[in-house]
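To keep things clear, I will list the structure first and then write my remarks on it.
The values are calculated or read from the model by the stated rules, or taken from the named source; none is laboratory data. Keep in mind that this is a model prediction, so the values were computed, not measured. Here the Cβ positions follow ideal geometry from the backbone for every residue, glycine too, while neighbour counts run over all protein chains shown. Please note that ligands, DNA and RNA were not included when accessible areas were found on the heavy atoms of the full protein model with its side chains. Shrake-Rupley method; radii C 1.70, N 1.55, O 1.52, S 1.80 Å.
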Amino acid sequence: RTRALRQLQPHYWRGEGDAGGAACSASGGAADVVRLKSDSVEFMALAALLVGTCVAATLGTGRDQQEKMEYNTLELAEAYRVENAAVWKRYAARREELRGGDGRGVPDIATAQLPAGAATPLLDMMRLDGAAGEAVLWHGTKPAIVPLIRDGGFDERVCALNGLFGAGVYFAERSSKS
């Protein structure tokens, strides 16, 4: 059973491949939280993706901006990967449905072009499945919410009701929007 579940999990999770991370026992539960080393390929590629999907003109603006700040770029200070086998198993099952087992598949959704170059190793490692509609998206949240996401995944049933478009879980193609 563990072996079958492990085969469903991403190849780059802890103990597999070159994760470049160190385990943290932050969750105390079913999820492992892996802090990525700043010199790892995964961290550097994520940093490149953060900057590459940032639109400087939108930084420091928006209704969530608490105080006026002047900046024109983002910098990745720390990065963690959540490895939650139960959430991943649910995701993998849903991804299989979306791959088109019923012949419908997913609609072709136009997404922002991801930057090439330094982010390429991360994108190659992730092995995104276009047939299932997989894409790189950003989500911003308050630190107090992170344990809820870590332990149960994104769940619209427990989200805030005052989002710009109502209750829901929001994702963006641009890091500067999240």
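Criterion first (at pLDDT 80 or above and assigned to a loop (DSSP other than H, G, I, E, B)) does Phe154 satisfy it? Against the criterion (at pLDDT 80 or above and assigned to a loop (DSSP other than H, G, I, E, B)), Phe154 qualifies. Filtered by the rule that a residue be over 30 Å from Glu70 (Cβ atoms) and touching a residue at least 60 places away in the same chain (Cβ under 8 Å), the stretch 150-178 gives Arg150, Asp151, Gly152, Gly153. Any chance the stretch 63-78 includes a residue that's in contact with a helix residue (DSSP H, G or I) (Cβ under 8 Å, 6 or more places away or on another chain) and of a type in the set (Gly, Ala, Ser)? Scanning the stretch 63-78 turns up no residue that is in contact with a helix residue (DSSP H, G or I) (Cβ under 8 Å, 6 or more places away or on another chain) and of a type in the set (Gly, Ala, Ser). Considering the stretch 133-160 alone, what residues qualify as being within 15 Å of the chain's Cα centre (by Cα), open to solvent by less than 70 Å² (accessible area, probe 1.4 Å) and not aliphatic (A, V, I, L, M)? Of everything in the stretch 133-160, those that are within 15 Å of the chain's Cα centre (by Cα), open to solvent by less than 70 Å² (accessible area, probe 1.4 Å) and not aliphatic (A, V, I, L, M) turn out to be Gly133, Glu134, Trp138, His139, Gly140, Thr141, Pro147, Arg150, Gly152, Gly153, Asp155.
Restricting attention to the stretch 81-95, the residues that are open to solvent by less than 60 Å² (accessible area, probe 1.4 Å) and either touching a residue at least 12 places away in the same chain (Cβ under 8 Å) or closer than 22 Å to Pro121 by Cβ (or both) total 9. Remark: Glu78 falls outside the filter, which requires a residue to be open to solvent by less than 50 Å² (accessible area, probe 1.4 Å), among the acidic types (Asp, Glu) and modelled with pLDDT of 85 or more. Kindly indicate whether any position in the stretch 65-75 is of a type in the set (Ser, Thr, Tyr), farther than 24 Å from Leu128 by Cα, surrounded by 10 or more Cβ atoms within 10 Å (Cβ to Cβ) and modelled with pLDDT under 75. No, that holds for no residue.
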